[in-house]
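Engineer: Let me begin by handing over the structure; questions about it come next.
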Amino acid sequence: MPTFQAPRGTTDRLPPEQKYWRYIESKAMDVARRFGYGRIDSPMFEDAGLFVRGVGEGTDIVEKEMYIFEDRGGDMLTLRAEGTAPVCRAYLQHGMQNQAQPVRMYYICPVFRYERPQAGRFRQHHQFGIEAIGDPDPSVDAEVIELAWTFTHDIGLSDITLVTNSIGDPECRPEYIRSLKSYYEKQQTHICQDCKGRLERNPLRLLDCKVETCRALGEEAPKSTECLCADCDTHWNRVQSYLDAMGIANRVDHRLVRGLDYYTRTVFEIQPAVEGAQSTILGGGRYDGLIEQLGGRHTPGIGFGSGIERLALNVQRAGVDVPDEPSPQYLIATIGEEARVEGVRLANSMRAIGVGAILANGGRALRGQMRQANALEVSSVLILGEDEVRDGTVMVRDMATSSQEAITTEAFLTGLRSG
RNA sequence: GCGAGCAUAGCCAAGUGGUCGAAGGCGCCUGUCUGUGGCACAGGAGAUCACGGGUUCGAAUCCCGUUGCUCGCCCCA
């Protein structure tokens, strides 16, 4: 064991894995561009109260998963525990209610939660997320879901399912929760120990219990979509008809509820086909009460978050053909100290005009330097020895064809400049 | 927070009490080829066998503790 290791639940992302991230991030940025979402980067830590007020005091995230600390000035801060609350905070702080609504923003950033790590779950993970704030219209729900669906397909995932539900709003949800509770209270003897606690603390979560008998009960439980008030019902039906119009198939699952308190009306997730507990790759919903909760005027909003580690895992599993990071183009091999100086000078000139060049390990024989070129998969090697230094030339060897020719250094650089 | 499994070089790993001053493979370095890669061959470097304690004449191997990792539950991306 080395003296120091990356902290539990964190990982080093090494060069060979970078291509997956570059791929996913570039697809994310491109889909955001097409839908008119602008990037926002918020701080990695925030006032602890932001998450307590936003996400909800009773949630697991706030209760036991936040990285919370007091800084040297005595402020209570929290490493970003989720993506939506900071964006809403920024919306308020910068007076974005004065922009054309909705304000569309996306982010790619790390998220921190103190959890036991396992497959697809980390203490520091990364999310691509979007938020559309300031418009209650169901077409925005449909747009956000369309963006999610487009994005997951753009990165090459096709064996995935979109699951949707509506959990109502403050007007109709209390009534729904009452009927849910009374249904489960009659089944007291059949539900698991955890669910007995949920009955008091968070009745909605009774629905997504994994225990077999509880699952069966959940199937038969009252459905939130059947208890919606008139406004929520209209909203829900419109979202569904817009999704229909776009041909986006979704499975309505009345057991889909989400763990953050701020959700209202539309909630949705995208799940891959593979079995496994940590399978959800994207999840979101509407949060019409959140901005008010954070001290602003009543402002509707909707968005989603998507875990990049889980996306990368699924991209690899699906065998998606991800383009390789470009390998360096030129390696400069030198023989002897005089040539070494020329090599340093040449590399400097090449880099100055924007061409990639790396100097071979000079302590090695030419043979060893060539082996290095091969290992690095460079396309060409520039060889500098006594002859080249004397003649002011460079030997350009094409590694694919094994052909080489000497040309003057000046001509070589001119060739590079002209492309 | 709860439960289970695992821990031998950078990576994969053999080994289940003495023949281990630890096999093999990948990777790395050198040479065969004194200025030329991929292949082959030869050689080399690299391991407090996670850490601490115990049992034993003897421990990588058995026992206990610690730490770490992995997987599952909870929850979530």
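Engineer: Looking at (1) without any contact (Cβ under 8 Å) to a residue 40 or more places away in the chain; (2) open to solvent by less than 10 Å² (accessible area, probe 1.4 Å); (3) small (G, A, S), which one does A:G319 not meet, given that it meets all the others?
Structural biologist: It fails just one condition, (2).
Engineer: Assigned to a loop (DSSP other than H, G, I, E, B), small (G, A, S) and either in contact with a Lys or Arg (Cβ under 9 Å, 6 or more places away or on another chain) or surrounded by 13 or more Cβ atoms within 10 Å (Cβ to Cβ) (or both): is that true of A:G58 in this structure?
Structural biologist: yes
Engineer: So, in the range A:365-393, exactly how many residues are near RNA strand B (Cβ under 8 Å from one of its atoms), charged (D, E, K, R) and touching a strand residue (DSSP E or B) at 6+ places or on another chain (Cβ under 9 Å)?
Structural biologist: Result for the range A:365-393: 2.
Engineer: A further question follows. Pull out all pairs, ordered by first then second residue, where Cβ-Cβ is under 9 Å, the residues are six or more apart or on different chains, the first lies in the range A:100-113 and is outside the structural domain of A:I145 (by TED's automatic domain parsing), and the second is among the aromatic types (F, W, Y) and buried (at least 20 other Cβ atoms within 10 Å of the Cβ).
Structural biologist: none
Engineer: Looking at the range A:229-266, which of its residues are more than 26 Å from A:R53 (Cα to Cα) and touching a Ser or Thr at 6+ places or on another chain (Cβ under 7 Å)?
Structural biologist: Selection gives A:W236, A:V239, A:Y242, A:N250, A:R251, A:V252, A:H254.
Engineer: Would you be able to tell me the number of residues in the range A:201-245 that are in a helix (DSSP H, G or I) and surrounded by 14 or more Cβ atoms within 10 Å (Cβ to Cβ)?
Structural biologist: Result for the range A:201-245: 22.
Engineer: Given the conditions (1) among the hydroxyl-bearing types (S, T, Y); (2) without any contact (Cβ under 8 Å) to a residue 60 or more places away in the chain; (3) within 16 Å of RNA strand B (Cβ to nearest atom), which single one is not true for A:T11?
Structural biologist: Only one criterion in (1) among the hydroxyl-bearing types (S, T, Y); (2) without any contact (Cβ under 8 Å) to a residue 60 or more places away in the chain; (3) within 16 Å of RNA strand B (Cβ to nearest atom) is unmet by A:T11, namely (2).
Engineer: Sticking with this one: Only residues that are open to solvent by less than 40 Å² (accessible area, probe 1.4 Å) and in contact with a helix residue (DSSP H, G or I) (Cβ under 6 Å, 6 or more places away or on another chain): list them for the range A:356-383, please.
Structural biologist: A:A357, A:A360, A:G362, A:V381
The values are calculated or read from the model by the stated rules, or taken from the named source; none is laboratory data. These numbers come from a predicted model, not from an experiment. Using ideal geometry, Cβ is built from the backbone for each residue, glycine included, and neighbour counts are taken over all protein chains shown. The area values use the complete protein model at the heavy-atom level, side chains included, leaving out ligands, DNA and RNA. Shrake-Rupley method; radii C 1.70, N 1.55, O 1.52, S 1.80 Å.
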